[in-house]
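Beneath this line is the structure, given in structure tokens, with notes to follow.
The values are calculated or read from the model by the stated rules, or taken from the named source; none is laboratory data. What you see is a predicted model; the values in this text were computed from it and never measured. Cβ placement follows ideal geometry from the backbone for every residue including glycine, while neighbour counts extend to all protein chains displayed.
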Amino acid sequence: MKLFARKTVLMVSLALLTLVLSVGCMNPEPEKPDGNQPEKNKKFIEASKELRDTNELTLLDEYEIDLEGDGQMESVQMYTAAQKDPSGNIMWDDGQNWLLTVRGEDREYVLFEGYVQLGEIKYWAYTAGSDTKLHITTLQPGSASLQLMDFEYDSDKDGFEGTEIFNPDNVNLMHSSVNVE
Ligand SMILES: [Ca+2]
């Protein structure tokens with residue numbers, strides 16, 4: 001009886017050891033994206049209640065659209081910090097701050113805010129296919145960058161899902177048919 005018990009203990013121990021070893025030798029599972037962690041090339045842009053001060057900025061482009069279909073218009077606005085000369089021409093520097101924002105009366109979604117060196121920002125607003133979601137796609141060409149971003153409005157989350165589509169490293173821009181205006 002004792003012997004049997006010992007054998008049983010030994011066998012159970014061996015089985016456990018085998019199990020521990022086999023689990024230990026298994027390849028670790030590939031890392032799954034954590035639900036709370038944003039993907040590397042994505043960022044969510046929430047509504048900001050405090051509107052940026054645009055008094056000192058030059059409005060380059062404005063487009064009115066009803067974001068969520070409530071009958072009240074919102075506006076896509078693109079600004080640069082470069083000022084206009086008395087004739088109305090923009091005095092571009094080698095670099096300047098830019099602001100691309102979608103604003104309503106008491107909120108805004110800042111799609112881009114920052115300094116652009118030897119470059120500019122272009123945007124396209126559109127819907128695609130049967131989907132009625134607004135997309136704003138931006139291209140930011142510069143002497144050392146060529147970034148393409150897509151911002152899709154999500155009415156459930158009330159914000160824009162930004163996705164970096166293209167952003168190659170070590171760009172040395174040699175030519176563009178699009179010049180700073
Ligand atoms: Ca609206």
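Which members of the stretch 36-60 meet the condition of being closer than 16 Å to E108 by Cβ, of a type in the set (D, E, K, R) and free of Cβ contacts under 8 Å to residues at least 60 places away in the same chain?
Those that are closer than 16 Å to E108 by Cβ, of a type in the set (D, E, K, R) and free of Cβ contacts under 8 Å to residues at least 60 places away in the same chain: K49, E50, D53.
What tally of residues in the stretch 50-100 results from selecting those that are more than 24 Å from L118 (Cα to Cα) and within 16 Å of the ligand (Cβ to nearest atom)?
So the count comes out to 14.
Let me spell it out: the conditions are (1) surrounded by 13 or more Cβ atoms within 10 Å (Cβ to Cβ); (2) part of a strand (DSSP E or B), and V171 meets all of them except one. Which number is the exception?
Result: V171 fails condition (2) only.
Within the stretch 106-126, which residues are within 16 Å of the ligand (Cβ to nearest atom), surrounded by 12 or more Cβ atoms within 10 Å (Cβ to Cβ) and under 23 Å from E50 (Cα atoms)? Show your work before the answer.
Kept after step one, since they are within 16 Å of the ligand (Cβ to nearest atom), are these residues of the stretch 106-126: 106-109, 125.
Applying the additional criterion that residues be surrounded by 12 or more Cβ atoms within 10 Å (Cβ to Cβ) yields 107-109, 125.
Those that are within 16 Å of the ligand (Cβ to nearest atom), surrounded by 12 or more Cβ atoms within 10 Å (Cβ to Cβ) and under 23 Å from E50 (Cα atoms): R107, E108, Y109.
State all residues of the stretch 68-100 that are surrounded by 20 or more Cβ atoms within 10 Å (Cβ to Cβ) and closer than 18 Å to A125 by Cα; if no residue qualifies, say none.
E74, V76, Q77, M78, Y79, W98, L99, L100
Residues in the stretch 157-165: is at least one within 16 Å of the ligand (Cβ to nearest atom), closer than 24 Å to E39 by Cα, at pLDDT 95 or above and among the aliphatic types (A, V, I, L, M)?
no
Return yes or no: is L134 surrounded by fewer than 17 Cβ atoms within 10 Å (Cβ to Cβ) and touching a strand residue (DSSP E or B) at 6+ places or on another chain (Cβ under 6 Å)? Break it down stepwise before answering.
Details: surrounded by fewer than 17 Cβ atoms within 10 Å (Cβ to Cβ): no; touching a strand residue (DSSP E or B) at 6+ places or on another chain (Cβ under 6 Å): yes.
Considered against the rule, which asks whether it is surrounded by fewer than 17 Cβ atoms within 10 Å (Cβ to Cβ) and touching a strand residue (DSSP E or B) at 6+ places or on another chain (Cβ under 6 Å), L134 comes out as no.
Any residue that is more than 16 Å from D66 (Cβ to Cβ) and among the aromatic types (F, W, Y) - is there at least one of those in the stretch 107-121?
Start the filter on the stretch 107-121 by keeping residues that are more than 16 Å from D66 (Cβ to Cβ), which leaves 110-121.
Next, only the ones that are among the aromatic types (F, W, Y) stay: 112, 115.
Yes, some residue in the stretch 107-121 is more than 16 Å from D66 (Cβ to Cβ) and among the aromatic types (F, W, Y).
Suppose the filter is within 16 Å of the ligand (Cβ to nearest atom), surrounded by fewer than 17 Cβ atoms within 10 Å (Cβ to Cβ), under 18 Å from T54 (Cα atoms) and touching a residue at least 40 places away in the same chain (Cβ under 8 Å); does R103 pass it?
Criteria not met by R103.
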